[in-house]
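As structure tokens, the structure follows; a few thoughts come after it.
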Amino acid sequence: MSNSYASYVRRMRNVEPTKDERRALMMALSNERRAVEAGRSGRAGQPSRAGLVRAAVTRRAVAAVAAVAVVALVAGVVGTMVGAPGASGPAGAVGPVLAAYADGTQLGDGAMLLPANFGSSVSWSQGDDGSYHFDFNVDLSLAERRYRDITYTVDGGDATLKFLQSREGVSAGDTLADYEGVTTFTLSDATIAGTYVLSVDVPQDEIDAITDDPLADSAEVCALAARKLAGTRIRITATDSSGAKTSLCFELNPVDDFAERYARIEKHFQEDGETDGASLFTMRIVE
């Protein structure tokens, strides 16, 4: 399913869904949920876990709908600009500062509460081995344009990176391969737009331990996946306009009440097709 999702992103990343289109996606998801519940009602008397196993094929099909619907949730599939203009970052931060970090809110413990759109667009699917794969769309663009040859490296944690390029961001004659499921990649042109993703896998037994219906309890499921990202360290190494290389390392953590905040985001989106602006992650510079 991850391949089909990547294909979807390639087709749709430059498309901003309308409010009606978002509602249609959520309606499709609701219809699939009702279909699953109807199937379970027809198997009255069977243990719910057995029903879940027997409905595995259906659940994977529903997860495909969720992968589309939840991507539309919050922001849709919108590319971020590498080296997008922005603030130079909080005082004392010297080097390739992430735009999300620079635009965050200072917390008392020295961490920054990241903007609401960071990691709030989540897609997930279940593979043939039963494990779940989660993609969190994140903004790893830099606050300043003066950097080039930017290398992103997961320097701690189990997450992997994706960078899915925007067709509009590549000028005639230029090429840039999509990076998927890697722990490091380099962008040599700070003007190329694309979508950044942090990915993590969760074993099936961990999902089954918290819910018999992942779609109905999607906030808890996404919170479990977000906790897998806790302590993820992303090192940014970049060359500035003078040719000097500098490096910063950022540690990412979900907020303590991730599930509650994500549930509010889902509820607000289903009712109004808009987001409530809840921040889900914090970040601190560790080097």
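Can you name the residue in the stretch 234-262 that is of a type in the set (S, T, N, Q) and surrounded by 15 or more Cβ atoms within 10 Å (Cβ to Cβ) and, of all such residues, is nearest to Cys222 (Cα to Cα)? Talk me through it step by step, then tell me what you get.
Restricting attention to the stretch 234-262, the residues satisfying the condition of being of a type in the set (S, T, N, Q) are 237, 239, 241-242, 246-247, 253.
This time we only want the ones that are surrounded by 15 or more Cβ atoms within 10 Å (Cβ to Cβ), so: 237, 239, 253.
Values: Thr237: 30, Thr239: 35, Asn253: 14 Å.
For the stretch 234-262, the residue satisfying everything is Asn253.
Quick check on the stretch 218-239: of everything there that is polar (S, T, N, Q) and under 19 Å from the mean Cα position of the chain (by Cα), which residue is modelled with the lowest pLDDT?
Ser218
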Selected residue (only one of Thr211, Thr195, Thr191 is free of Cβ contacts under 8 Å to residues at least 12 places away in the same chain, in contact with a helix residue (DSSP H, G or I) (Cβ under 9 Å, 6 or more places away or on another chain) and of a type outside the set (D, E, K, R)): Thr211
Take the stretch 248-278 and flag every residue that is polar (S, T, N, Q) and at pLDDT 95 or above. Asn253
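Test of understanding: among Asp135, Asp158, which residue is on the phi < 0 side of the Ramachandran plot, under 16 Å from the mean Cα position of the chain (by Cα), acidic (Asp, Glu) and modelled with pLDDT under 95?
Asp158
One line per residue, one yes/no per condition, for (1) in a loop (DSSP other than H, G, I, E, B); (2) more than 21 Å from Asp129 (Cβ to Cβ); (3) modelled with pLDDT of 85 or more:
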site: Thr153; (1), (2), (3): no, yes, yes
site: Glu168; (1), (2), (3): no, yes, no
site: Gly173; (1), (2), (3): yes, yes, no
site: Ala177; (1), (2), (3): yes, yes, no
site: Gly181; (1), (2), (3): no, no, yes
site: Thr186; (1), (2), (3): no, yes, yes
site: Ala216; (1), (2), (3): yes, yes, yes
Some residue of the stretch 192-208 being small (Gly, Ala, Ser) and surrounded by fewer than 17 Cβ atoms within 10 Å (Cβ to Cβ): no
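Scanning for something within 19 Å of the chain's Cα centre (by Cα) and more than 25 Å from Asp155 (Cα to Cα), does the stretch 240-255 turn up at least one residue?
no
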For Val68, indicate whether it is of a type outside the set (Ser, Thr, Tyr), under 13 Å from the mean Cα position of the chain (by Cα) and either within 24 Å of Leu187 (Cα to Cα) or modelled with pLDDT under 85 (or both). yes
Could you check, for the stretch 231-238, whether at least one of its residues is hydrophobic (A, V, I, L, M, F, W, C) and over 18 Å from Asp103 (Cα atoms)? yes
So which residues in the stretch 129-144 are assigned to a strand (DSSP E or B) and charged (D, E, K, R)? Asp135
Could you list, in sequence order, all residues of the stretch 96-125 that are farther than 27 Å from Arg148 by Cα, over 9 Å from the mean Cα position of the chain (by Cα) and surrounded by 22 or more Cβ atoms within 10 Å (Cβ to Cβ)? Trp124
Kindly indicate whether Gly110 is out of contact with any Phe, Trp or Tyr (no Cβ under 8 Å at 6 or more places or on another chain), modelled with pLDDT of 50 or more and not in a helix (DSSP H, G or I). yes
Which of (1) over 17 Å from Phe258 (Cα atoms); (2) part of a helix (DSSP H, G or I); (3) among the charged types (D, E, K, R) does Arg227 not meet, given it meets every other one? (1)
Tell me, yes or no, whether the stretch 198-219 has at least one residue that is touching a Ser or Thr at 6+ places or on another chain (Cβ under 9 Å) and under 20 Å from Pro115 (Cβ atoms). yes
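The values are calculated or read from the model by the stated rules, or taken from the named source; none is laboratory data. Since the structure is predicted, the reported quantities are computational estimates derived from the model, not experimental observations. Cβ atoms come from the backbone with ideal geometry, glycine included; neighbour counts cover every protein chain shown.
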